[in-house]
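Only the coordinates and a few stated rules stand behind these numbers; no lab work does. These numbers come from a predicted model, not from an experiment. Cβ atoms come from the backbone with ideal geometry, glycine included; neighbour counts cover every protein chain shown.
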């Protein structure tokens, strides 16, 4: 079982508190998979939105395949997430709570199939971000002190 990471959303953990995450398939068209095999994708500014009884990812950038032709599709088009009906209904219920959003955290290949790790997230307040930075700095200093002691 080999996981080959294509892209990660590094800002997601800084800007949001991730409440839970879930692996989902993603509907791709044309030459998008070939472009992803080249390791080119961006999850920056992307988010999930419920439309009807389906969930779509918006603003996920997959550049056109450079050796492609007319089969290339729009690089920022909405892409449908492939989830079970129960999972979709649960996410719909969770997203109705104010301040919660759906974010892609990681895009990767799993056994040759493209998967996306989506997370239910709640936005952090400014003081939460400051506290997280302070905690990270103190942990770094502690590790440095322990390393110097050895």
Using Cα pairs under 8 angstrom and six or more residues apart, how large is the relative contact order of the range 18-138, in percent?
-> 31 percent
Ranked from fewest to most other Cβ atoms within 10 Å of their own Cβ, 96, 31 fall in the order 96, 31
Sites residue 19 and residue 59, calculated FRET efficiency, Cβ-Cβ separation with R0 22 Å, nearest 0.05 = 0.55
Once you've got the GNM for the chain with C-alpha springs shorter than 10 Å, pick whichever of 12, 24, 131 has the biggest mean-square fluctuation.
-> 131
Whole-Å distance, taken between Cα centres, linking the range 47-61 and the range 1-22 = 17 Å
So for the range 60-102, what are the equivalent ellipsoid semi-axes in whole Å, largest first, each being the square root of 5 times an eigenvalue of the Cα gyration tensor?
-> 32, 13, 6
For each of 108, 127, count neighbouring Cβ atoms within 10 Å of the residue's Cβ, then give the residues from fewest to most.
-> 127, 108
Calculate how large, on average over all directions, the projected area of the Cα convex hull of the range 33-127 is; give the answer in nm² to one decimal.
-> 7.7 nm²
Where Rh is the Kirkwood radius over the Cα pairs of the range 92-136, the temperature 25 °C and the viscosity 0.890 mPa s, what D in µm²/s does Stokes-Einstein return?
-> 191 µm²/s
Expected-Rg normalisation [2.2 N^0.38 Å, Cα atoms] applied to the range 1-66 | 1.22
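As a test of the formula, what do you get for the chain when each DSSP H run with n ≥ 4 contributes -39,500 (n - 2.57) and the sum is divided by the residue count, at 222 nm and rounded to the nearest 500 deg cm²/dmol?
Counting only the DSSP helices, I get -9000 deg cm²/dmol.
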Arrange 94, 141 by Cβ neighbour counts within 10 Å, fewest through most, would you?
-> 141, 94
Taking Cα atoms only, helix 126-149 is inclined relative to the longest principal axis of the chain by an angle, in degrees rounded to 10, of 60 degrees
